[in-house]
1. Return the pairs, sorted by first residue and then second, in which the second residue is buried (at least 22 other Cβ atoms within 10 Å of the Cβ), the first residue lies in the range 195-222 and is among the polar types (S, T, N, Q), the beta carbons are less than 6 Å apart, and the residues are 6+ apart or on different chains.
2. In the range 16-46, what count of residues is obtained for those that are assigned to a loop (DSSP other than H, G, I, E, B) and of a type outside the set (A, V, I, L, M, F, W, C)?
3. Quick one: which of ARG27, ARG58, ARG31 is of a type in the set (D, E, K, R), surrounded by fewer than 17 Cβ atoms within 10 Å (Cβ to Cβ) and under 29 Å from the mean Cα position of the chain (by Cα)?
4. Among VAL130, VAL67, VAL101, which is the only one that is in contact (Cβ under 8 Å) with a residue 60 or more places away in the chain and either surrounded by fewer than 19 Cβ atoms within 10 Å (Cβ to Cβ) or closer than 30 Å to ALA230 by Cα (or both)?
5. Looking at (1) under 30 Å from ALA116 (Cα atoms); (2) open to solvent by less than 80 Å² (accessible area, probe 1.4 Å); (3) without any contact (Cβ under 8 Å) to a residue 60 or more places away in the chain; (4) in a helix (DSSP H, G or I), which is the one condition that is false for ALA13?
6. Scan the range 208-230 for residues that are under 17 Å from LEU139 (Cβ atoms) and either small (Gly, Ala, Ser) or open to solvent by 50 Å² or more (accessible area, probe 1.4 Å) (or both) and jot them down.
7. Scan the range 19-36 residue by residue and report those that are closer than 10 Å to GLY9 by Cβ and among the hydroxyl-bearing types (Ser, Thr, Tyr).
8. Here are some residues: TYR210, TYR216, TYR238. Which one is over 23 Å from ASP68 (Cβ atoms) and among the hydroxyl-bearing types (Ser, Thr, Tyr)?
Amino acid sequence: MAWLAAGEGYEIALVEGRVAARSATGRTAGRQLKTLPKALKDHPEVDRLRRLAEWLDRHEAACAAQVDSWMVSSLPVPTELLARVWPDEAWQNALRDVAVVGDDPDEVGFLRDATASGELKVVNLDGETVRLSPRTVTLPHPVLLPDLDDVRDFAAELGIVQRVEQIHRATWLKPAEIAATATATEVRDYAGGAFPTRFSLAARATGLGYRVSGGYATCKVRDSGTGTEAAVWIGEPYYDDETTTGALSWHDEDGRAVRLTEVGPVAWSEGMRMAAALYAGRKIEEGGDA
């Protein structure tokens, strides 16, 4: 970003997300200062850059959240759309090295570039850079990827680091014995995690990016074209005493409970992921009586 004149003998710019200053005159001209001079603390240009930095942070977070939503829902994304947003650095950071699938569901590649003509450059699992021009691509949830362990090993060899957690996302597979409980609608694997207050449990849920509605922490997933909401009971609102995590359940778009046998693989994995993440923050008893 270009350096802007600000005050007597100083220039300012955004450097790594924060406002930095450098001297514009004298023997130290061009040298970046370690801290912002007091004379610039309330300068209008400094305030403008700070507000720009805050907006850029929100924009980057929004891009990552959108890519995460595409991946969790396995929605088809127009290739033309990827090409249009690619020049934006925030979108690039969110999309680069995301695993994508085009017309051939068995051909997985890591996205490296999207050209203005709507062509995608991906590194396939043979280590070759290939060009794809499908009308849409999907960003598959890892639970849907065949040979996920091999994909992870290959990504490690390439040194791939994803801004949006995908291939190294924690996954849960529905146990085969679920078929024996055809009427069950709840899972209690992560129930009973104690928290000092309901507020602290709700704060953990929102801090992890989940929505809190009524007495539940929830996350929405689109699995096989069907909308499903996973929900973990976290206690009645405004309850101030110690509370514990409750059962995990799933509901359809009309709010009806979904039998465990009917919960799709992505919805199952994401629901269990949420329940496990909440449970991990529980109060751990220490000492001989733990």
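The values are calculated or read from the model by the stated rules, or taken from the named source; none is laboratory data. What you see is a predicted model; the values in this text were computed from it and never measured. Quick reminder, even Gly has a Cβ in these numbers, built from the backbone with ideal geometry, and neighbours come from all protein chains shown. Areas reflect the complete protein model, heavy atoms only, side chains present, ligands, DNA and RNA absent. Shrake-Rupley method; radii C 1.70, N 1.55, O 1.52, S 1.80 Å.
1. THR218/ALA231
2. 14
3. Being of a type in the set (D, E, K, R), surrounded by fewer than 17 Cβ atoms within 10 Å (Cβ to Cβ) and under 29 Å from the mean Cα position of the chain (by Cα) holds for just one of ARG27, ARG58, ARG31, which is ARG58.
4. VAL67
5. That leaves (4) as the condition not met.
6. LYS220, ARG222, SER224, GLY225 - these are the residues of the range 208-230 that are under 17 Å from LEU139 (Cβ atoms) and either small (Gly, Ala, Ser) or open to solvent by 50 Å² or more (accessible area, probe 1.4 Å) (or both).
7. Within the range 19-36, SER23, THR25, THR28 qualify.
8. After applying the criteria, what remains is TYR238.
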